[in-house]
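Asks: Below is one structure. I have some questions about it.
The values are calculated or read from the model by the stated rules, or taken from the named source; none is laboratory data. Nothing here was measured: the structure is a model prediction, and the numbers come from that model. Virtual Cβ from ideal backbone geometry, glycine too; neighbours counted across all protein chains shown.
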Amino acid sequence: MNFDPAYILEILPRIIQYIPITLLMAVAAMVLAIAVGLVLAFMRNSQNKFLSSGAAVYISFFRAIPMLVQLFLIYYGLPQIFPVFTRMDAVTAAIIGFGFKQAAFLAEIFRAAFISVDKGQMEACLTVGMTKVQAYRRIILPQAARNALPGTGNIFISLIKETSLAFTLGVVEIFAEAKMQAAESFRFFEAYLAVALIYWVLIVIYSYLQEKLEKYLDRPYRT
Amino acid sequence: MKKIPFALMAILVLSLLAAACGSGSNNASNSNPSPSASQDAAQPSQPAEKKVLRAGSTGMSYPNSYKEGDKLVGFDVEVIETIAANLGYTVEWVNTDFSGLMGQLDIGKIDTVANVVAITEERKEKYYFTDPYSYAGVTIVTHVDNTDINTLEDLKGKTVAGVLGSQNVKNLQKFDVNGEIKIRTYENRDGAQNDVLNKRVDGYVQSKANLLAEIRKNNLPLKFVGEPFHYEDVGFPFLKTEENKALIEQINAEIKKLREDGTLKRLSEKYFGEDITTKAE
């Protein structure tokens, strides 16, 4: 078998240079997704029919279409209708694409998290004279956040990996660089293995951070 | 409240790190006006935006466009870079999958594509092309173990791999008028090539020069099935604007010059081991 483990070590330093662009896209998309997702979750839970059905349509659309299709729509499709979008660069388009899609998934996770906090708590808050905003900020959100964290972490992990799709828009990241290096050496198996290792390490580091955060949010429940 | 900063800091550090390094590697792939600006200062007679040629390429097409270390190299890459340098342009590269390249051209993110773009009637309706700088014979390879496949006739009822959106696939369809060859398309060359090597498909359609270079470089167990069934002219496509028309005339003059002084031949022999820059009989 023609397998050269040394090539993995040779190619790793070149691929590692592209970790920042991968993380930049993942983190920025995550921030966007959390913001949009929170708004959507509130809209979905709202009594206002217009708001809640608007959020429902958004969620059903962005959960349904494949990520790659969405990236093509945003980057290659939009400029044909609105020429102003040609000014958007590929990284921005990718972040918007990833963020808007994952917002739909997060909205459902957040909605479930809000529902998981007993109704009686909100009623109790209102009885003691808090406003709704105060109740959310002081009582509901901290508990919902704890319940939403594991699901949210999953979304971030899939985001990190999804960024490899940005190469179709011309953003060179970890996987794209590996493919280009492998085109010269023809050692695809080794190159892909190197990429797999890098993603694994990234996810391990993230999981460790999430665990810390979980412990922190768990503090009030410890006896 | 003592522990709050931990989560905040983790996020902050991560995003700062990403942003700081991200902008550094961005420049490699996205248009960055600064090189043109600095050149402009040296030659004030030239307007700034005229000095940069944004070209697209997959970076995964050996030996037309691939990476050697951190540098994008290859036959098509070096041809356009030579032309651009002679005309006083710097080339800025955008690397993307083949299916993304034409999209980038359509919306004006790049000026041209240097990745074996065949000049066809359909494409001519949409783009202006330069004169051909190389000629690609389209052919099919199969695994050496397939002793029963020796002529194109033998491929009837078999499956042949090709790159999505490439002209090779369209030519095969045109050649195979009765639709007797099954065609399976792939996002890029390595997928198609790997599948023929692993015998998941019976053949792989690609330009002869590329196949020769790959086989030679990596000792691939592949053999040609007959002679090329079609020849393509390869040029650089540009969007149809008056500005590009003028630029194409300049590039055409350069191509003529490079062909006459032997530069094209030299580049072709460097990457393919043979001259593909003159039209085959």
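Asks: Hey, does region A:128-144 have a residue that's in contact with a Ser or Thr (Cβ under 9 Å, 6 or more places away or on another chain) and either part of a helix (DSSP H, G or I) or surrounded by 13 or more Cβ atoms within 10 Å (Cβ to Cβ) (or both)?
Replies: yes
Asks: Please determine whether any residue of region B:149-158 is part of a helix (DSSP H, G or I) and free of Cβ contacts under 8 Å to residues at least 60 places away in the same chain.
Replies: Yes, the conditions are met somewhere in region B:149-158.
Asks: In addition: Just a yes or no: is a residue in region A:5-12 outside any helix (DSSP H, G or I), within 14 Å of chain B (Cβ to nearest Cβ) and either in contact with a strand residue (DSSP E or B) (Cβ under 6 Å, 6 or more places away or on another chain) or not basic (Lys, Arg) (or both)? Before the answer, list the steps.
Replies: At the first step, the residues of region A:5-12 found to be outside any helix (DSSP H, G or I) are none.
Among the residues of region A:5-12, not one is outside any helix (DSSP H, G or I), within 14 Å of chain B (Cβ to nearest Cβ) and either in contact with a strand residue (DSSP E or B) (Cβ under 6 Å, 6 or more places away or on another chain) or not basic (Lys, Arg) (or both), which makes the answer no.
Asks: Separate question: When the residues of region B:60-105 are narrowed to those that are free of Cβ contacts under 8 Å to residues at least 40 places away in the same chain and acidic (Asp, Glu), which ends up farthest from B:VAL117 (Cα to Cα)?
Replies: Looking at residues that are free of Cβ contacts under 8 Å to residues at least 40 places away in the same chain and acidic (Asp, Glu), I get B:ASP70.
Asks: Report yes if some residue within region B:194-210 is at pLDDT below 90, among the small types (Gly, Ala, Ser) and out of contact with any Pro (no Cβ under 9 Å at 6 or more places or on another chain); otherwise report no.
Replies: no
Asks: If you don't mind, another one. For A:PRO142, which of the numbered conditions (1) under 17 Å from A:GLY37 (Cα atoms); (2) within 10 Å of another protein chain (Cβ to nearest Cβ) fails to hold?
Replies: (2)
Asks: Within region B:177-197, identify whether any single residue is closer than 18 Å to B:PRO228 by Cβ, surrounded by fewer than 17 Cβ atoms within 10 Å (Cβ to Cβ) and not small (Gly, Ala, Ser), and answer yes or no.
Replies: Yes, region B:177-197 contains a residue that is closer than 18 Å to B:PRO228 by Cβ, surrounded by fewer than 17 Cβ atoms within 10 Å (Cβ to Cβ) and not small (Gly, Ala, Ser).
Asks: Within region B:164-203, can you find the residues that are within 14 Å of chain A (Cβ to nearest Cβ) and either farther than 25 Å from A:GLN181 by Cα or not charged (D, E, K, R) (or both)?
Replies: Hits for region B:164-203 are B:LEU164, B:GLY165, B:TYR186, B:ASN188, B:GLY191, B:ALA192, B:GLN193, B:ASN194, B:VAL196, B:LEU197, B:ASN198.
Asks: Please state which of the following conditions A:ARG44 fails to meet, knowing it meets all the rest: (1) within 14 Å of chain B (Cβ to nearest Cβ); (2) in contact with a Ser or Thr (Cβ under 7 Å, 6 or more places away or on another chain); (3) buried (at least 20 other Cβ atoms within 10 Å of the Cβ); (4) touching a residue at least 24 places away in the same chain (Cβ under 8 Å).
Replies: The failed condition is (1).
Asks: List pairs: first in region A:9-38 and farther than 19 Å from A:ILE157 by Cβ, second surrounded by fewer than 19 Cβ atoms within 10 Å (Cβ to Cβ) and of a type in the set (S, T, N, Q), Cβ under 8 Å, 6+ apart or cross-chain?
Replies: Listed by first residue and then by second, the contacts come to nothing, as the list is empty.
Asks: Can you pull out every residue in region A:187-223 that is surrounded by fewer than 17 Cβ atoms within 10 Å (Cβ to Cβ) and not in a helix (DSSP H, G or I)?
Replies: A:ASP218, A:ARG222, A:THR223
Asks: Within region A:1-19, how many residues are more than 14 Å from A:VAL195 (Cα to Cα) and either of a type in the set (Asp, Glu) or touching a Gly at 6+ places or on another chain (Cβ under 9 Å) (or both)? Lay out the reasoning, then the answer.
Replies: Quick first cut of region A:1-19, residues more than 14 Å from A:VAL195 (Cα to Cα) only: A:1-4, A:6.
When the remaining residues are screened for being either of a type in the set (Asp, Glu) or touching a Gly at 6+ places or on another chain (Cβ under 9 Å) (or both), the result is A:4.
Residues flagged as more than 14 Å from A:VAL195 (Cα to Cα) and either of a type in the set (Asp, Glu) or touching a Gly at 6+ places or on another chain (Cβ under 9 Å) (or both) within region A:1-19 amount to 1.
Asks: So, in region A:165-186, of the ones that are of a type in the set (Val, Ile, Thr) and in a helix (DSSP H, G or I), which residue ends up farthest from the other protein chains (Cβ to nearest Cβ)? Break it down stepwise before answering.
Replies: Let us first name the residues in region A:165-186 that are of a type in the set (Val, Ile, Thr), namely A:168, A:171-172, A:174.
Restricting the remaining residues to those that are in a helix (DSSP H, G or I) gives A:168, A:174.
Values: A:THR168: 4, A:ILE174: 11 Å.
The extreme case among them is A:ILE174.
Asks: Just give me the residues in region B:106-133 being among the hydrophobic types (A, V, I, L, M, F, W, C) and more than 10 Å from every other protein chain (Cβ to nearest Cβ), in sequence order.
Replies: B:VAL113, B:ALA114, B:VAL116, B:VAL117, B:ALA118, B:ILE119, B:PHE129
Asks: Restrict the check to region B:249-269 and report whether at least one residue is of a type in the set (Ser, Thr, Tyr) and touching a residue at least 12 places away in the same chain (Cβ under 8 Å).
Replies: Taking every residue of region B:249-269 in turn, at least one turns out to be of a type in the set (Ser, Thr, Tyr) and touching a residue at least 12 places away in the same chain (Cβ under 8 Å).
Asks: Which residue, of A:GLY54, A:GLY37, A:GLY77, is in a helix (DSSP H, G or I) and within 14 Å of another protein chain (Cβ to nearest Cβ)?
Replies: Working: A:GLY54 fails: within 14 Å of another protein chain (Cβ to nearest Cβ); A:GLY37 fails: within 14 Å of another protein chain (Cβ to nearest Cβ).
Testing whether each residue is in a helix (DSSP H, G or I) and within 14 Å of another protein chain (Cβ to nearest Cβ) leaves just A:GLY77.
Asks: Okay, next question. Looking only at region B:180-192, filter to residues that are at pLDDT 90 or above and in contact with a helix residue (DSSP H, G or I) (Cβ under 7 Å, 6 or more places away or on another chain); which one of those is nearest to B:ASN168 (Cα to Cα)?
Replies: Step by step, filter region B:180-192, then rank; the result is B:ILE183.
Asks: Moving to a separate point now. Which numbered condition trips up B:THR278, out of (1) crowded, with 21+ Cβ neighbours inside 10 Å; (2) over 24 Å from B:THR147 (Cα atoms); (3) outside the structural domain of B:VAL79 (by TED's automatic domain parsing)?
Replies: That leaves (1) as the condition not met.
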